[in-house]
Amino acid sequence: MEFQLDRSHAKPLYRQLADQMIDRIRSGSLPPGTRLPPVRDLAADLGLTRLTVHNAYSELQASGWVEAFVGRGTFVAHQPVPLIEAPERQAHHDDPPWLSQGMLADMMRLGLQPDIISFAQAVPAVETFPVRELSRSIQTALRDPAALSYGPTQGELPLREAVATMVLDRNVVVSPDNVVITTGAQQGVGLVLRAFVRQGDVVLVEEPTYLGLIERATAQGIRLIGVPVDEHGMRVDMLPQLLRDYRPRLIYTVPTYHNPTGVSMSQERQQQLLQLANDHEVLILEDDVYGLLGYDGPVPLPLKASDTNGQVIYLSSFSKILTPGLRLGYLIAAEQHLAPLLAAKRVADLHCSPLLQRALADYLQRGHLSSHLRTVRYMYRERRNAMEQALQRYCPPEVRWRTPSGGLCFWVTLPPGLNATEVYTEGIERGIGLTVGSVFFPQPPRMAYLRICFAAQPPEQIDAGMAILGDLLHDHLRRRDILAARACRETQPLM
Ligand SMILES: Cc1ncc(COP(=O)(O)O)c(C=O)c1O
């Protein structure tokens, strides 16, 4: 076996060897079942120490690429070991594997039911949609019939220019040449996964994470490994080990007003994350769809603002700040990453609607966005406060949450013994829509959570909805305690 090993490279030799073996396993030149040469023989062939080859084999084994059998040797694994309990395990057998309990569809349906007060979807308030300004901008765009023709895959130049100006507010300085317009941020996620991640590859994600990413990655056969989140965002201290063990292709993160937990990554962790990604040559996909929706004090800057060598692909959209129905978002990527992204975009849908892109560019050029943002931030701060007060007023004290300083949702931890799916189902019966927290985890969580979105409901509805939730949770706790007491009595020894 021939390998290109570079002793002067910063990457250790065992890792170079393991990486090249992974490439061969992926390409099929080392098919499943192939016996790898014994450590001693390969070390002699390559002029390496046995320890180096042994370490490479251990890495491959730990990440599921090979299997070792005492006395027989090391073999390429037949089925790379699934590292996560993918949602398909929990779904019905006839469901396609990417249907994670149908929750995304459920969330969208709940938002459309007139008799349900829905807190299920992270959506902006319909009454803020700038209908008048957008219809004027659409009329303006229609003066040029080219708005109804095909357009450039990368996106209309005036919109890319407007995006480059807009992200200056997030301290991101880019040329319009580095902007790719996408069909919402969801397509941006898909394009990055298509362009840079292959089936069987590992992507590190916050745990919990955005459901659309879990569904998209699972559909592509990508393995997700979760990194826990605390009040300062992703537990970056756990990354060195995970990077070593799993050699991920990508780290996906929502560092600012994270969906679903609402937390933001501290500056210190951001710097550590960037350093680790650079050291391990791993791309970061930073999803900043909530970055302009901060309600208290200074808004944390994105990772992209400190990215000096193009390690971060930045993603955002107009869905949360303006209207999701335009389905317009954008990626910002270094030049070396553009070609694969544009190829993926072309294959997906050629390009976004030139009419809507031009209309949005006109809206942005007229300077409407800043006053719109002022209005929605004010409104959502009030709604966030209404939700905080209602949770305090109605929920049993055992229920825990953290008030988010931005974004669109509360993340609520239920007391032990409560079942979030039962609460969700009963919630619908009583007229409220919630989201079960487990759908945001690549692996089933140990605790029960609910995500409750506040922006789409006025304060009175928030109060009415949380009163229903409070009643429901009190009922569930009573039932839990009765069952626990009965179980206790039944296990008392008879004297
Ligand atoms: C973190 C995150 N990324 C991406 C999206 C998708 O956004 P879009 O509607 O722009 O596709 C969402 C929507 O909920 C989200 O929460």
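At most 11 other Cβ atoms within 10 Å plus a DSSP loop assignment makes a site exposed; report the longest stretch of the chain without any exposed trypsin sites (Lys or Arg not before Pro). Don't skip to the end; give the middle numbers.
Working: sites that count: Arg7, Arg72, Arg143, Arg446.
That gives 144-445 as the longest site-free run.
About the Cα centre of the range 13-76, what is the dipole size in debye to 20, counting +1 per Lys and Arg Cβ and -1 per Asp and Glu Cβ, all else neutral?
Rounded to the nearest 20 debye, it is 100 debye.
Name the GluC sites (Glu not before Pro) in the range 240-303 that are in a loop by DSSP and that have at most 16 other C-beta atoms within 10 Å, would you?
Passing both the DSSP loop test and the Cβ count: Glu281.
Treat every Asp and Glu Cβ in the chain as -1 and every Lys and Arg Cβ as +1, leave all other atoms uncharged, and give the resulting dipole magnitude about the Cα centre to the nearest 20 debye.
Details: 48 positive and 52 negative charges, 41 e Å.
Taking the Cα centre of the chain as origin, the dipole is about 200 debye.
Starting from the 7 Å offset along Cα-to-Cβ, what nm value, one decimal, do you get for the label separation of Asn278 and Arg374?
Placing both labels 7 Å along Cα→Cβ, they lie 3.9 nm apart.
So which GluC sites (Glu not before Pro) in the range 392-474 are both in a DSSP loop and have at most 15 other Cβ atoms within 10 Å of their Cβ?
Listed in order of number, the matching sites are Glu398.
So, in Å, what gap is there between the alpha-carbon centers of the range 328-362 and the range 188-211?
Centre-to-centre distance over Cα atoms comes out at 18 Å.
Is the shape of the range 283-345 rounded, prolate or oblate, going by the alpha carbon gyration tensor and its root eigenvalues a ≥ b ≥ c, with a/c under 1.5 for rounded and a/b larger than b/c for prolate?
Working: a/c = 3.86, a/b = 1.26, b/c = 3.06.
Note, shape of the range 283-345 comes out oblate.
Let me cross-check His9: its accessible surface, 1.4 Å probe, with only protein heavy atoms counted, in Å² to the nearest 10?
80
Antiparallel as a % of all DSSP beta bridges within the chain, to the nearest 5?
55
Output needed for the chain: three equivalent-ellipsoid semi-axes, defined as square roots of 5 times the C-alpha gyration tensor eigenvalues, in descending order, whole Å.
Values for the chain, descending: 40, 34, 19 Å.
In nm, give the distance between the simple-model label positions of Asp23 and Glu127, each being 7 Å from the Cα along the Cα-to-Cβ direction.
Label at Asp23, label at Glu127, 5.9 nm between them.
Using the heavy atoms of the protein chains and a 1.4 angstrom probe, tell me the accessible area per residue for the chain in square angstrom.
With the other protein chains kept in place, the chain gives 45 Å² per residue.
For the chain, which whole percent of the accessible surface, found with a 1.4 angstrom probe, sits on carbon and sulfur atoms?
Result for the chain: 52 percent of the exposed heavy-atom area is carbon or sulfur.
Taking amide H atoms as placed 1.01 Å from N in the peptide plane, list the residues 5 or more away in sequence, or in a different chain, whose amide H sits under 5 Å from that of Asp201.
So Asp201 has HN proximity to Arg223.
Along the three principal axes, how long is the range 129-367 when you take its alpha carbons, biggest first, rounded to the nearest angstrom?
Here the Cα extents, ordered largest to smallest, are 57, 41, 29 Å.
The values are calculated or read from the model by the stated rules, or taken from the named source; none is laboratory data. None of these values were measured; they are calculated from a predicted model. Every residue, glycine among them, receives a Cβ derived from its backbone with ideal geometry; neighbour counts consider all protein chains shown. What goes into the accessible areas is simple: the full protein's heavy atoms, side chains included, and nothing from ligands, DNA or RNA. Shrake-Rupley method; radii C 1.70, N 1.55, O 1.52, S 1.80 Å.
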